[in-house]
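One structure is given here, and the rest of the page talks about it.
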Amino acid sequence: MTFDDQLQRYFGTTDMGQVPPDAVAAGLERMRVDFGLEKDRGYRFALWTVMYILGDAPDLDVAFKEEKDRNAARDFMDLMDRAPDS
């Protein structure tokens, strides 16, 4: 599932600027539920990255049981911190 696919699934559009605040909150709630239920490590990581970008990701020690997943998340956070603002 791509980033755009996730935005479309949880927010009904790929343009987050068009999503009203209450719809953002509802989409994030659905993401948190799916994240908690998801067993596939890759899909959980993908969900976490979108929640991180949107400022609503759970802490790493809560989100990931395996150290290598926490390390991958830290690497992602570092990459995001270095990315130029658009």
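The values are calculated or read from the model by the stated rules, or taken from the named source; none is laboratory data. Bear in mind the structure is a predicted one, so any value in this text is a computation, not a measurement. Note that we place each Cβ from the backbone using ideal geometry, even for glycine, and neighbour counts take in every protein chain shown.
When segment 35-46 is filtered for residues that are touching a residue at least 24 places away in the same chain (Cβ under 8 Å) and farther than 11 Å from Ala63 by Cα, the ones remaining, listed by number, are Tyr43, Ala46. Does Ala73 fit the bill of being at pLDDT 95 or above and within 23 Å of Ala23 (Cβ to Cβ)? Here the answer is no, as Ala73 does not meet what is asked. Evaluated against (1) acidic (Asp, Glu); (2) assigned to a helix (DSSP H, G or I); (3) free of Cβ contacts under 8 Å to residues at least 12 places away in the same chain, Asp69 falls short on exactly one condition, (3). Filtering segment 48-66 to residues that are of a type outside the set (A, V, I, L, M, F, W, C), over 9 Å from the mean Cα position of the chain (by Cα) and assigned to a helix (DSSP H, G or I) leaves only Asp61. Among the residues of segment 24-47, write down those that are loosely packed, with under 12 Cβ neighbours inside 10 Å and not in a helix (DSSP H, G or I). Listed by number, the residues that qualify are Lys39, Asp40.
Of the set (1) within 12 Å of the chain's Cα centre (by Cα); (2) among the small types (Gly, Ala, Ser); (3) closer than 18 Å to Gln8 by Cβ, all apply to Ala25 but (1).
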